[in-house]
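As structure tokens, the structure follows; a few thoughts come after it.
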Amino acid sequence: MSKFLNPSEIVAQTGLMQGQVVADLGCGNGFYVLPAAQMVGNSGTVIAVDVVEEKLAATISIANQFGYKNVRVVKADLAKPIMEIAPNSCDLVIVGNILHEISGKDQLIKNIYRILKSPGRVVIVEWKRTATPFGPPIDKRIDQEKLEVLFMQAGFRKDKELHTDGYHYSILFEK
């Protein structure tokens, strides 16, 4: 069986560069935050967004352990408008394995569109809609084609599919 998702490999495929601004929406414990912080360097910024205070505390704690001073946390509900991030301020938005958990997908997509620069990119990582030994129930997972339609209807253009693992798919969209 394939190895599990490697956040550094995913982030590396997005074309992220030194000095850029990244928002990780639904950052959890900082799975994508660290590789993103490393790639944007001291001149860049990673905005880690989550609704759970403990997850943000864990993210900032691990960023500090690794000496990353370019990580800022924002407590926000992704299904509501996120006003703590300026419009057109992000080069890349990361949405890793959280879209299937969110009821207000339309609002989340509007948030992504609002905070992204033009052109800006968003990388979506989601569970494949097939049986896997772990992960959310299949009926909670989002079919890849449905997800693509959702984003294209919101004004995004599909750029490419990224290499992941045997359990996930990942798509890079451009605004």
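Beta bridges assigned by DSSP with both partners in region 53-175 are antiparallel in approximately 65 percent of cases.
A simple packing score, the average count of other Cβ atoms within 10 Å per residue, orders the peptides 168-175, 143-150 as 168-175, 143-150, with the highest score first. May I ask for the distance between the Cα centers of region 93-135 and region 63-80, given as a whole number of Å? The distance from the Cα centre of region 93-135 to that of region 63-80 comes to 17 Å. Take every pair of alpha-carbon atoms less than 8 Å apart whose residues are at least six positions apart; their mean separation over the length of region 126-174 yields a relative contact order of 35 percent. In order along region 136-141, phi translates into HN-Hα couplings of x, x, 4, 5, 8, 6 Hz, rounded to whole numbers, per the Karplus curve 6.51 cos²θ - 1.76 cosθ + 1.60 with θ = phi - 60° and x for Gly and Pro.
Loop-located chymotrypsin sites (Phe, Trp or Tyr not before Pro) in region 1-42 (DSSP state not H, G, I, E or B) with no more than 16 neighbouring Cβ atoms inside 10 Å: F4. In this structure, the pairs whose alpha-carbon distance is over 21 Å, taken from K146/K175; K55/K158; K80/K128; K110/K146; K110/K158, are K55/K158; K80/K128. Scalar couplings 3J(HN,Hα) for region 75-82, obtained by applying the Karplus form with A = 6.51, B = -1.76, C = 1.60 to θ = phi - 60°, are 8, 7, 8, 5, 8, 10, x, 9 Hz; x denotes Gly and Pro.
Calculate the dipole size of the chain relative to its Cα centre from +1 charges on Lys and Arg beta carbons and -1 charges on Asp and Glu beta carbons; express the result in debye to the nearest 20. It works out to roughly 260 debye.
All of the numbers you see were taken from the coordinates with simple rules; none came from a lab. Predicted, not measured: the structure shown is a model, and the values here were computed from it. Positions of Cβ are backbone-derived with ideal geometry, glycine not excepted, and every protein chain shown enters the neighbour counts.
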